[in-house]
Structures are given as C-alpha cells and as structure tokens.
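Have a look at the structure below, then the notes.
The values are calculated or read from the model by the stated rules, or taken from the named source; none is laboratory data. None of the values given here were measured: they were computed from a predicted structure. Glycine gets a Cβ as well: all are built from the backbone with ideal geometry, and neighbour counts include every protein chain shown.
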C-alpha cells in the first residue's frame, strides 16, 4: 500500500508540471476548471479501464493468428491495438466537450489543452500501474525515469493532435470538412503513437537503432507544439489589437490599450509575475476581445452579447479602481 501511495504521489508531481506547461498556451479565456478536471479524469479512469478491456478482447485473435509470444503478435498488440484503442478513447474526452460544451471550445488551442490533459490523465494511471508491477526498486527508478521523465509528455502530445482536429473543425461549416479534419487529427495521433510503440518494441532486435526513431518522433512532436505555442501567442496578440481598438477611450484608456497589446506585459501576466489586480484587468480585457471575435464568427451562441456587456462593465469598474 505504501509503495502504491509513494508511486501515485511521485508520478503526480511531473504530471502536474506538464499540465501547467500545456495550459500556459491558452492565454485567453482559461478553460473552466471542471472541464479540465473532467478531461483528466476521463483519461485516467474510463479510458484506461475501457482500453484494458478492449485490448484483452483484441488480444484473442492476435494470439490465434500469430501465437502468444511471437514478435508479430507483440508488434500488433503494442503498435496497432494499443494506439488505436487508446487514442480513440482519450479523444472521446475532447469529443464530449466539443459536442456538448461547444461554447467552451474556441479553436485548436483549446483542442491542444483538452486533448493533452486527457492524455496526461491516461498516462498518470498507466504509469502507476506499470511502476507498481516492477520487481524491485532499481527497475522502478529506471522505468520512472523512462516513462515519466523522458517520455512523460507523449500521451499528452498524441491526444493533442486529435484536439487540434476538433479545434480546426470548430471554424468550419461544411460537415464533410469537419469529419475530414477530425479524422485527420485522430489518424495523426494513432500514427505517432504507433511509431513510438513500434520503435521501442523493436529496439532490442534492431540493436537499438529504432530508439532513434522514437527520439525523432518525440523531438518532432515537441518542436511542433512549441511552434504552435508561438503561433498561438502571435494570434492572441493580433486579436487584442484588433478587437480592443474600438474600446478606446470609453472602456480602455489609450495607455492601457498600449500595455494590453504589449507581448511582454501579457507574458508576465500569464506567468503571474505582474500584480494580481493588473492580471485581472488583462484577463478581463483578453476575454472581451475573445468574446467579440466569437460574436462575429459564431453569433450570439449562448450569450456572447451579454458576456461582452458584462466584461465592459467589469473593465470600467477595474479602471476606476486602478
């Protein structure tokens, strides 16, 4: 029992850090905590349980065809069955939010956040199960370093690709295009997951050569998401400049507008380096810009007009107190 608790606590620390890093990409409208928790729990419980059941069922025909211990059977199970079942199940968390809480799903940035957090939830429980079944502490630490530290981001990376697909679909009207980009995101997630599992499984028989494939796969995904982070920051900056301009000077002073459109000021606020009152002002202004953009793109959709009025009053109140 103590070993299990120790494992659960130690795995939770880097998992929490990974969640903070991914969440920082979303500078506007921080996602409701209940949805983030829901995505994490979906990945941690239903996705893990259903994944185990489905893979046990799929293992039966694999063993009949390839045999229980064959390399072919192991390859199909680890590099095909696992990626397909796990990415569909984790991606279901993103699908639920997209379909039933669309107002909280603004685009591909939200897709990255929801997808990654569902992936981290899955990885959290999966890592605990793997670590708890190690024969000794030496193997425990080796596996911890490999799964939680070195490849700790992987499940989040993979499912974020599915999230990007849903996020791109959010801005499309054509149902065929929606299905195409969502399917494309899911297929991409399955493919890079398959590539990772297959490379690690074949590492021994290839003399370690396929480790470079796994490392390259990881590096590519990391570079992709870092690049998307910079793109998101630039996009957010343009939204502020465009949609807050007409709020000057009635709602926002020219000086505040200049500060709000400063990349440095927003970065400091995002990482909680500015005073609390200023962070709240920046957040309210950013939400106003986002809601105005949503009103133009999606219409009133659940009260965008009322929310814009509320945020304007909030900014007036905060301006009078500053």
Report task. Determine, yes or no, whether residue 161 is in a helix (DSSP H, G or I) and at pLDDT 95 or above. Result -> yes
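Just checking, does region 230-243 include any residue being under 15 Å from the mean Cα position of the chain (by Cα), modelled with pLDDT under 90 and within 29 Å of residue 282 (Cα to Cα)? Steps first, please.
Initial filter on region 230-243 (under 15 Å from the mean Cα position of the chain (by Cα)): 232.
Imposing the further condition that a residue be modelled with pLDDT under 90 reduces the set to 232.
From what's left, within 29 Å of residue 282 (Cα to Cα): 232.
Yes: region 230-243 contains one or more residues that are under 15 Å from the mean Cα position of the chain (by Cα), modelled with pLDDT under 90 and within 29 Å of residue 282 (Cα to Cα).
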Requested in this report: Please tell me if residue 247 is farther than 20 Å from residue 123 by Cα and touching a helix residue (DSSP H, G or I) at 6+ places or on another chain (Cβ under 9 Å).
Outcome: yes
Requested in this report: For residue 67, indicate whether it is in the same structural domain as residue 162 (by TED's automatic domain parsing), surrounded by fewer than 16 Cβ atoms within 10 Å (Cβ to Cβ) and on the phi > 0 side of the Ramachandran plot.
Outcome: yes
Query raised in the report: Which number in (1) under 29 Å from residue 198 (Cα atoms); (2) outside any helix (DSSP H, G or I) marks the one condition that residue 15 misses?
Result: (2)
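Residue-by-condition table, conditions (1) within 30 Å of residue 193 (Cα to Cα); (2) at pLDDT 85 or above; (3) surrounded by 20 or more Cβ atoms within 10 Å (Cβ to Cβ):
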residue: 253; (1), (2), (3): no, yes, no
residue: 260; (1), (2), (3): no, no, yes
residue: 268; (1), (2), (3): no, no, no
residue: 276; (1), (2), (3): no, no, no
residue: 282; (1), (2), (3): no, no, yes
residue: 292; (1), (2), (3): no, yes, yes
residue: 298; (1), (2), (3): no, no, no
residue: 301; (1), (2), (3): no, no, no
Requested in this report: Please go through region 21-38 and pick out each residue that is in a helix (DSSP H, G or I) and either under 19 Å from residue 158 (Cβ atoms) or in contact (Cβ under 8 Å) with a residue 12 or more places away in the chain (or both).
Outcome: 21, 22, 23, 35, 36, 38
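This table checks each residue for (1) surrounded by 13 or more Cβ atoms within 10 Å (Cβ to Cβ); (2) touching a residue at least 60 places away in the same chain (Cβ under 8 Å); (3) under 22 Å from residue 14 (Cα atoms); (4) over 16 Å from the mean Cα position of the chain (by Cα).
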position: 108; (1), (2), (3), (4): yes, yes, no, no
position: 119; (1), (2), (3), (4): yes, yes, yes, no
position: 123; (1), (2), (3), (4): yes, yes, yes, no
position: 132; (1), (2), (3), (4): yes, yes, yes, yes
position: 141; (1), (2), (3), (4): no, no, yes, yes
position: 175; (1), (2), (3), (4): no, no, no, yes
position: 198; (1), (2), (3), (4): yes, yes, no, yes
Query raised in the report: Considering only residues of region 25-62 that are surrounded by fewer than 14 Cβ atoms within 10 Å (Cβ to Cβ) and over 15 Å from residue 122 (Cα atoms), which is modelled with the lowest pLDDT?
Result: 32
Query - residue 196 being part of a helix (DSSP H, G or I), over 18 Å from residue 113 (Cα atoms) and modelled with pLDDT under 90 - result: no
